[in-house]
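Below: the structure, in structure tokens.
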Amino acid sequence: MQNDLKPKNLFMETIKGIKTDKPPIWMMRQAGRYLPEYRALRAQTRSFLEFCYTPALAVEATLQPIKRFGFDAAILFSDILVVPDALGQKVEFLEGEGPRLTPVTNQHDLDRLNPKIDLNHLEPVFEAIKQVRASLAPQTALLGFCGAPWTVASYMVAGKSTPELAPLRIAAYRDPMFLEHLINLVVKSSIDYLVRQFQSGVNAVQIFESFAGALPPELFKKWSLEPIQRIIDGVRLSIPDAPILVFARGSGLGNKRVATETSATVIGLDWTVDCRWAAQEIQSLKPIQGNLDPLALVAGGDALKRSVDHILASFDRGPYIFNLGHGIVPETPIDHVEMMIRRIRG
Ligand code: CP3
């Protein structure tokens, strides 16, 4: 009886496949530069990685959007590029320019990295997880994450953001053995990293395949679906039934393959996916997350209301987590986020 009085954890209910009355809400990149309190906190440290590796700062950044908006899930404040950093690759974030890594372009470069991920180096991340979980209410879920191997490899090989992943795609055609070794290293590292995240207190993890859209469909399985599935299998050897959300941005119809050819728990959709199609083809198999266009949130007004209503109506018949179709952008007005939340929660 007592249990019935406790507020439900909407996020955890939904990922079990239960349709909740109102959907749980969180936003990719919800801790970030659109928040004045984040900008103030961020100003305390020059280096972005140092910020990520200082538990007090990472904890506070993780909690900021929860305190302001009361989201149903918090996502650990960190970055997908801490994995190459803990493999001994030089990683830096340049102000206004994004990440810079010393490129790993062949087997010789790869042989100079650590043979396995140095989890001691990531101890501050695990400490931040423990502290965040201890300060969150039980009805708020805590998400950990990592990048999918194809996405992480794109930064490791090119040394920076490359919108169409030209260097990595050329490597995939020219030197598939090298790329396979690199992907294997990232798979093993991601398993160890995610298992420690669960052991430190996260309730679920999301795998970000931000560049699924760069792969031709016939290579999607080899370089994206299979490595993701190996991570899922590896994590579940240690944490059976670990909830794992997969967000394969730009995969279009391939999202159905993510649902059927991996054992992902939840399928995250970007804003280009037709909600009606996904409701019919995917939501009948697995819970859906997404897929508001982050730029509709920048625009606000009636366009935002219409977009939110369309998504809610489309996914109304099954388990569904409200989210954006990619990370929130720094220009987003805070009152638009508030309006979005009111529209969803009623
Ligand atoms: O979602 C959250 O609030 C948690 C934190 C988080 C960050 N990065 C913080 C961050 C998460 C989940 C990520 C994931 C990430 N990082 C991805 C996958 C998701 C996606 O966006 O597709 C990727 C590709 C990266 C790599 C990355 N990190 C880039 C390309 C950049 C520079 C671009 C930019 O937005 O500045 C980062 C830096 C970064 N990671 C920032 C934040 C808040 C901005 C840097 C700062 O605040 O100084």
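The values are calculated or read from the model by the stated rules, or taken from the named source; none is laboratory data. Since the structure is predicted, the reported quantities are computational estimates derived from the model, not experimental observations. We place every Cβ from the backbone using ideal geometry, glycine too, and count neighbours over all the protein chains shown. Heads up: the accessible areas ignore ligands, DNA and RNA and are worked out on the full protein's heavy atoms, side chains in. Shrake-Rupley method; radii C 1.70, N 1.55, O 1.52, S 1.80 Å.
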Quiz prompt | Tally of residues being open to solvent by 20 Å² or more (accessible area, probe 1.4 Å) and out of contact with any helix residue (DSSP H, G or I) (no Cβ under 8 Å at 6 or more places or on another chain) across the stretch 24-35 | solution = 1
Practice problem: Quick one: count up the residues across the stretch 83-97 that are surrounded by fewer than 13 Cβ atoms within 10 Å (Cβ to Cβ) and either under 17 Å from GLY147 (Cβ atoms) or in contact with a strand residue (DSSP E or B) (Cβ under 7 Å, 6 or more places away or on another chain) (or both). | Solution: 2
Quiz item: Do you know which residues across the stretch 41-82 are of a type in the set (Ser, Thr, Tyr) and either in contact with a strand residue (DSSP E or B) (Cβ under 8 Å, 6 or more places away or on another chain) or modelled with pLDDT under 95 (or both)?
Solution: SER47, THR62, SER78
Quiz item: Applying the selection to the stretch 318-336, what residues are farther than 25 Å from TRP277 by Cβ and away from the ligand (no atom under 13 Å from the Cβ)?
Solution: PRO333, ILE334, ASP335, HIS336
Self-check item: Subset of the stretch 313-333 (residues that are in a helix (DSSP H, G or I) and open to solvent by less than 40 Å² (accessible area, probe 1.4 Å))
Solution: SER314
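Here's the yes/no breakdown for (1) touching a Phe, Trp or Tyr at 6+ places or on another chain (Cβ under 7 Å); (2) over 20 Å from SER161 (Cβ atoms); (3) not polar (S, T, N, Q):
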| site | (1), (2), (3) |
| --- | --- |
| THR45 | yes, yes, no |
| LEU63 | no, yes, yes |
| ILE66 | no, yes, yes |
| ALA73 | yes, yes, yes |
| ILE80 | yes, no, yes |
| ASP85 | no, no, yes |
| THR102 | no, no, no |
Quiz item: When you go through (1) within 18 Å of SER190 (Cβ to Cβ); (2) polar (S, T, N, Q); (3) open to solvent by 30 Å² or more (accessible area, probe 1.4 Å) one by one for THR262, which number turns out not to apply?
Solution: (3)
Exercise. Report yes if some residue within the stretch 181-203 is hydroxyl-bearing (Ser, Thr, Tyr), open to solvent by 10 Å² or more (accessible area, probe 1.4 Å) and over 20 Å from HIS121 (Cα atoms); otherwise report no.
Key: no
Exercise. Evaluate the stretch 141-157: report whether one residue or more is open to solvent by 20 Å² or more (accessible area, probe 1.4 Å), assigned to a helix (DSSP H, G or I) and free of Cβ contacts under 8 Å to residues at least 60 places away in the same chain.
Key: no
Quiz item: Restricting the first residue to the stretch 47-59 and requiring it to be in contact (Cβ under 8 Å) with a residue 12 or more places away in the chain, which pairs with a second residue that is more than 11 Å from the ligand (Cβ to nearest atom) and open to solvent by less than 50 Å² (accessible area, probe 1.4 Å) meet a Cβ separation below 7 Å and a spacing of at least six or different chains?
Solution: LEU49/ASP85; TYR53/PRO124; THR54/PRO124; PRO55/PRO124; PRO55/ALA128; ALA58/ALA128; VAL59/ALA128; VAL59/VAL132
Quiz item: For the stretch 34-129, which fully contained helices (runs of 4 or more DSSP H) count at least 2 residues that are within 11 Å of the ligand (Cβ to nearest atom)?
Solution: 36-42, 48-52, 55-69, 82-86
